[in-house]
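The values are calculated or read from the model by the stated rules, or taken from the named source; none is laboratory data. The model shown is predicted, which means the values in this text are computed figures rather than measured ones. Positions of Cβ are backbone-derived with ideal geometry, glycine not excepted, and every protein chain shown enters the neighbour counts.
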Amino acid sequence: MSDTVKTTTKIAPQRREPSAQVSTFSAFRATLKRDLLIALKRRNDLLNPLMFFLIVVSLFPLGVTSDPQELTRIAAGAVWVSALLASMLSLDNLFRADYEDGSLEQLLLSPQPLYFMVLAKNISHWLISGLPVVLLSPLLAYMLYLPADAYWTLVLTLLLGTPVLSLFGAIGVALTVGLGSRGLILAVIVLPLTVPVLIIGAKAVTDASLGLPLGMHYALLGALLALSLSLAPLASAAALKISVN
Amino acid sequence: MTASNSDSSHFSQSPAAEALLQARGLFCERDDRVLFSNLVFSLHAGELLQVQGSNGSGKTTLLRILCGLNSSYEGELFWEGVPIDDDRETFLASLLYLGHRIGVNKILTARENLRWSAALHSPRTDQDIDTALEAVGLMGYADITCRNMSAGQQQRVSLARLLLSPARLWVLDEPFTTLDVSGVKILENLLAAHVSQGGAVLVTTHHQLDVPCPLRRLNLDK
């Protein structure tokens, strides 16, 4: 027994106070790495939003119209709506598993600022479900006969907008993570925040195909990104603390 | 590994053991049932406090209130004399909580889980993690996916966190469940060692504790 006591003394070294910034950054990086690792091991997390995006976009030529002249007019909106829906579908992964296995409590009890912990989870979530949508969008837009002028705008607006969708969506997920079945209430909370992104983004792409100026659209999207990046993780953290109660 | 640490106190300790955690006038109500009212207690350095009570008496709720995970209570909590609400960061830096849901992700390996747990407080090297796993009897399991481990082994992975954490206060909710006889002994030794180095432990368990260190009990049944 004395051997065991000696062993335990040596492992946890003298309590030193590492510089606060180094700790926060390494905790941030560790959380990011962990979430990416989990997603890599669970392939479905990567594939499902992408598949859903693909399927929904494909439904438009089938269900609305297959006439290229008309498709080209709705292409911008169709791709954006599909991106929004794919984002909402993927939100479930964000805090649910951690809530159920107790990792969320550990996160909330860490001495590091919660803003950075939640931001790390948001970033990894976007890398897994948002960025693939951005990268696949030109291909799907081609399927819907999106005018050539609008491709760059589509990618850029999605690049600016999908993080906002993730960040705002996370607030809704954080509020409802403790509830059993939450599909509808999640949509009710999240949609008012994310529909403006849809409206601005789709309008930007449509205006691009018409050759209209895009400055205001980019400015608004940029502002929404800045706003969500700075405030949404704080709101999510507060919501998580309530949910865990 | 030097032997210089084995005798000196791991945490700084004043001659009269200071009160680390204090609760005053704690009141909690759930589902129209008063769990505890005007609860007062204090936990000192070098103490192991076992919270006892029948099922539903509020043990888990009390622990969660102390950690700050549950905010529906009235009363005051102090850490090292300072109200916890005034300085949560210092309290959290000194706290390690292992709850009912053990915080082990089944998809990751033991090593990956512990790397993240450690990083939340201060990162540990892979060698430290290997040593910790060995100390809880899981040598060689570092790179096994937790889903492929038994419940008792997953519990041990969670307990390895105790060895990797610099926290002074351990709050453990039913840590002995799913452990076999050797696991129970290992955990009891860990608790005794921590307490002998100036740490403090608050634990709920139905298990009969057999530890070579002073043990106090707090009973929540009226």
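Against the numbered list (1) surrounded by fewer than 23 Cβ atoms within 10 Å (Cβ to Cβ); (2) in contact (Cβ under 8 Å) with a residue 12 or more places away in the chain; (3) of a type in the set (D, E, K, R), B:R161 comes up short only at (1).
Looking only at region B:81-92, count how many residues are at the interface with chain A (Cβ under 7 Å from one of its Cβ atoms) and either surrounded by 20 or more Cβ atoms within 10 Å (Cβ to Cβ) or part of a strand (DSSP E or B) (or both).
Keep residues of region B:81-92 that are at the interface with chain A (Cβ under 7 Å from one of its Cβ atoms), which gives B:89, B:92.
If we keep only those that are either surrounded by 20 or more Cβ atoms within 10 Å (Cβ to Cβ) or part of a strand (DSSP E or B) (or both) as well, we get B:92.
Residues in region B:81-92 being at the interface with chain A (Cβ under 7 Å from one of its Cβ atoms) and either surrounded by 20 or more Cβ atoms within 10 Å (Cβ to Cβ) or part of a strand (DSSP E or B) (or both): 1 in total.
Restricting attention to region A:217-235, which residues are closer than 23 Å to A:A141 by Cα and either among the β-branched types (V, I, T) or exposed (fewer than 14 other Cβ atoms within 10 Å of the Cβ) (or both)? Within region A:217-235, A:G222 is the sole residue that qualifies. Checking each residue in region B:125-152 for being surrounded by fewer than 22 Cβ atoms within 10 Å (Cβ to Cβ) and closer than 16 Å to B:P175 by Cα picks out B:G137, B:S150, B:A151, B:G152.
Filtering region A:111-140 to residues that are surrounded by fewer than 22 Cβ atoms within 10 Å (Cβ to Cβ) and outside any helix (DSSP H, G or I) leaves A:P111, A:P113. Sub-6 Å Cβ pairs linking a first residue in region A:79-97 that is within 20 Å of A:G178 (Cα to Cα) to a second residue that is surrounded by fewer than 21 Cβ atoms within 10 Å (Cβ to Cβ), at least 6 apart or interchain, are A:L89/A:F52; A:N93/A:D45, ordered by first then second residue. Within region B:117-132, residues that are at the interface with another protein chain (Cβ under 7 Å from one of its Cβ atoms) have Cβ atoms under 7 Å from residues that are at pLDDT below 90 in these pairs: B:S122/A:P18; B:S122/A:S23; B:D128/A:I11; B:T131/A:I11; B:A132/A:I11, counting only partners at least 6 apart in sequence or on another chain.
Give the residues of region B:153-172 that are of a type outside the set (A, V, I, L, M) and more than 20 Å from B:K106 (Cα to Cα), sorted by residue number. Give the steps one after another, and end with the answer.
Taking region B:153-172 first, the residues of a type outside the set (A, V, I, L, M) are B:153-156, B:158, B:161, B:165-166, B:168, B:170.
B:S165, B:P166, B:R168, B:W170, listed by residue number.
Restricting the search to region B:93-109, which residues are in contact (Cβ under 8 Å) with a residue 12 or more places away in the chain and in a loop (DSSP other than H, G, I, E, B)? Those that are in contact (Cβ under 8 Å) with a residue 12 or more places away in the chain and in a loop (DSSP other than H, G, I, E, B): B:S94, B:G99, B:H100, B:I102, B:G103, B:V104, B:N105, B:K106, B:I107, B:L108.
Yes/no per residue for (1) more than 14 Å from chain A (Cβ to nearest Cβ); (2) of a type outside the set (S, T, N, Q); (3) surrounded by 17 or more Cβ atoms within 10 Å (Cβ to Cβ):
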| residue | (1), (2), (3) |
| --- | --- |
| B:A45 | no, yes, yes |
| B:L48 | yes, yes, yes |
| B:N55 | yes, no, no |
| B:K59 | yes, yes, yes |
| B:L63 | no, yes, yes |
| B:S72 | no, no, no |
| B:L77 | yes, yes, yes |
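For residues that are in contact (Cβ under 8 Å) with a residue 60 or more places away in the chain, outside any helix (DSSP H, G or I) and not aliphatic (A, V, I, L, M), tally how many sit in region A:171-199. Going through region A:171-199 one residue at a time, the tally reaches 1. Each residue in region B:156-184 was checked for being in contact with a Phe, Trp or Tyr (Cβ under 9 Å, 6 or more places away or on another chain) and more than 29 Å from B:S42 (Cβ to Cβ), and 3 of them qualify.
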